[in-house]
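Everything below concerns the one structure shown next.
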Amino acid sequence: MPLNAFSTHLTELAQADALRTRRVVESAQGPRLTVDGRNYLAFASNDYLGLANDARLIAAAKNAIYRYGVGAGASHMVSGHMTPHHELEIALARFMEMDSALYFGSGYAANLGILTSLASRGDNIFADKLNHACLNDGALLSNANFHRYAHGDLDKLRSLLALQANNASNGSRNIVVTDAVFSMDGDLADLPAILKLVEEFDALLVIDDAHGFGVLGETGRGSLDHFHLKSDRIVYMATLGKAAGGYGAFVAGQRDVIEWILQTARTYLFSTATPPMMAAALLESLKIIDEDRARRVHLHDLIARFTSSLKLKNCALKFSATAIQAIIIGENNHALYFADELKKRSIWVPAIRPPTVPRGTARLRVSLNAGHTQADVMELVVALTEIDASLLDAIK
Ligand SMILES: *Cc1c(COP(=O)(O)O)cnc(C)c1O
């Protein structure tokens, strides 16, 4: 294979305005980030509650480092399952009001582990087309039959489930998998309706609440709290690298389901346990999510301010009830123009382009953070309005 093929592919990406670059952040995470020595007002991270650099989490991690060191040294099943991991799993289960919970190294690893553990050849996985990439990867890796329905099309989901119900007196499992909050638009899945279908067709429901956990619901228990849902058929997964401000993810649910995942999820079994200091920091984070409700209330005030203030002529605004707000611009180069102009004003909002989002829907993805002030939000609104007004002249 000629190595210059890669160079050709890279040039093609660049020509399509699809080449991605990373920027090196020189400060800790927060509403303001330093890049190349310059300070930016940032709406770019998933640190929705502003906990990634919280002094209480730092103190908890420090104490744990002195006591437990830096590395876990082995997988959970060998000798890496340490007191902070154990306490975190108990606290997560209690917080979610579910039987048990498992703490995974990352959300990606959790979803691969959960889906390959619950489903195998002959089973059926039903998935929303806009689900996160790692849910799709987990479904493919499981070798189950993979049925995808158009975003939010529950009539289609019902007919797919009905079709398999007719086929399946053979004991195969039916598993519906959905993001609770879709990561590019911030919209919510209709979980109550999906759960009804799951119950009607004797299936399981795997929910990925990466962007709901900590943000939604009075207590921060996420989408289940928001919709007041409770069922042993729910396998609840959320990441701890977003609102919780740390790293990793967990799955919670009915005792036997979680025990089965513990026994069989290869990404749990064959991977070194996360550093114990991270579990200790997350225990602190969980306490803050539970007790410091003002932080969540402030975030929702910011969301309300942004969605009620912003009006643009050349973009489709997809306002949501979550910290993710999408401004659909369309062409890649238009989205890049917006991002560049914001950058000139020392504001950082990432432009998201295909293949992360569907072709022709390049966008800005605004993430609000409890560390922002109302004035920060208005600064963004004013800048976006100016750039929108200059777009048609600038792009010929
Ligand atoms: C971020 C994200 C993940 C991956 O979680 P990591 O802990 O970052 O690996 C999974 N699902 C969704 C919906 C996400 O947004």
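The values are calculated or read from the model by the stated rules, or taken from the named source; none is laboratory data. As the structure is a prediction and not an experimental result, all values here were calculated from the model. Here Cβ is always computed from backbone atoms with ideal geometry, including for glycine, and neighbour counts include all displayed protein chains. Quick note on the areas: whole protein, heavy atoms, side chains included, nothing else; ligands and nucleic acids left out. Shrake-Rupley method; radii C 1.70, N 1.55, O 1.52, S 1.80 Å.
Assorted remarks:
- Only a single item in (1) in contact with a helix residue (DSSP H, G or I) (Cβ under 6 Å, 6 or more places away or on another chain); (2) under 16 Å from Gly253 (Cα atoms); (3) away from the ligand (no atom under 16 Å from the Cβ) is not met by Asp209, and it is number (3).
- Residue within the range 324-332 that is open to solvent by 40 Å² or more (accessible area, probe 1.4 Å) and within 22 Å of the chain's Cα centre (by Cα) present: no
- Within the range 261-283, the set of residues being under 20 Å from the mean Cα position of the chain (by Cα) and either within 16 Å of the ligand (Cβ to nearest atom) or under 13 Å from Ile114 (Cβ atoms) (or both) comprises Thr267, Tyr268, Thr274, Met278, Ala279, Ala281, Leu282.
- Of the residues screened, Thr178 is not one that is within 16 Å of the ligand (Cβ to nearest atom) and either part of a helix (DSSP H, G or I) or outside the structural domain of Val257 (by TED's automatic domain parsing) (or both).
- Yes/no for Leu286 being crowded, with 17+ Cβ neighbours inside 10 Å, farther than 26 Å from Gly113 by Cα and either under 21 Å from the mean Cα position of the chain (by Cα) or not assigned by TED's automatic domain parsing to the domain that holds Met378 (or both): no
- Restricting the range 130-155 to residues that are of a type in the set (D, E, K, R) and over 17 Å from Leu204 (Cα atoms), the residue that is most open to solvent (accessible area, probe 1.4 Å): Asp155
- Count of residues meeting criterion [in contact with a Pro (Cβ under 8 Å, 6 or more places away or on another chain) and polar (S, T, N, Q)] in the range 328-354: 1
- Residues being in contact with a helix residue (DSSP H, G or I) (Cβ under 7 Å, 6 or more places away or on another chain) and in a strand (DSSP E or B) - total across the range 111-132: 4
- Condition check for Asn46: of a type outside the set (Gly, Ala, Ser), assigned to a loop (DSSP other than H, G, I, E, B), out of contact with any Leu (no Cβ under 9 Å at 6 or more places or on another chain) and in contact (Cβ under 8 Å) with a residue 40 or more places away in the chain: yes
- Hits in the range 234-260 (condition: within 16 Å of the ligand (Cβ to nearest atom), among the small types (Gly, Ala, Ser) and either open to solvent by less than 10 Å² (accessible area, probe 1.4 Å) or in a strand (DSSP E or B) (or both)): Ala238, Ala243, Ala244, Gly248, Ala249, Ala252
- Filter result (small (Gly, Ala, Ser) and under 20 Å from Tyr40 (Cβ atoms)) within the range 329-387: Ala335, Ala339, Ser346, Ala351, Ser367, Ala370, Gly371, Ala375, Ala383
- Identity of the residue in the range 218-233, in a loop (DSSP other than H, G, I, E, B), modelled with pLDDT of 95 or more and not acidic (Asp, Glu), that ends up farthest from Leu160 (Cα to Cα): Gly220
- Pair list, Cβ < 7 Å and 6+ apart or interchain, from the range 147-160 residues that are without any contact (Cβ under 8 Å) to a residue 12 or more places away in the chain and on the phi < 0 side of the Ramachandran plot to residues that are surrounded by fewer than 14 Cβ atoms within 10 Å (Cβ to Cβ) and outside any helix (DSSP H, G or I): Lys156/Ala150
- Summed over the range 270-280, the residues that are open to solvent by 10 Å² or more (accessible area, probe 1.4 Å) and under 14 Å from Leu57 (Cβ atoms) give a count of 4.
- Inter-residue pairs, beta-carbon under 6 Å, first touching a residue at least 12 places away in the same chain (Cβ under 8 Å) and under 15 Å from Leu240 (Cβ atoms) and in the range 96-113, second near the ligand (Cβ under 8 Å from one of its atoms) and β-branched (Val, Ile, Thr), 6+ apart: Gly107/Thr239
- The residue of the range 305-321 that is surrounded by the fewest Cβ atoms within 10 Å (Cβ to Cβ), among those that are closer than 19 Å to Ser183 by Cα and of a type in the set (A, V, I, L, M), is Ala316.
- The set of residues in the range 63-75 that are part of a helix (DSSP H, G or I) and either free of Cβ contacts under 8 Å to residues at least 40 places away in the same chain or open to solvent by 20 Å² or more (accessible area, probe 1.4 Å) (or both) comprises Asn63, Ile65, Tyr66, Arg67, Tyr68.
- Screening Thr267, Thr373 for residues that are farther than 21 Å from Leu240 by Cβ and open to solvent by 20 Å² or more (accessible area, probe 1.4 Å) leaves exactly one candidate, Thr373.
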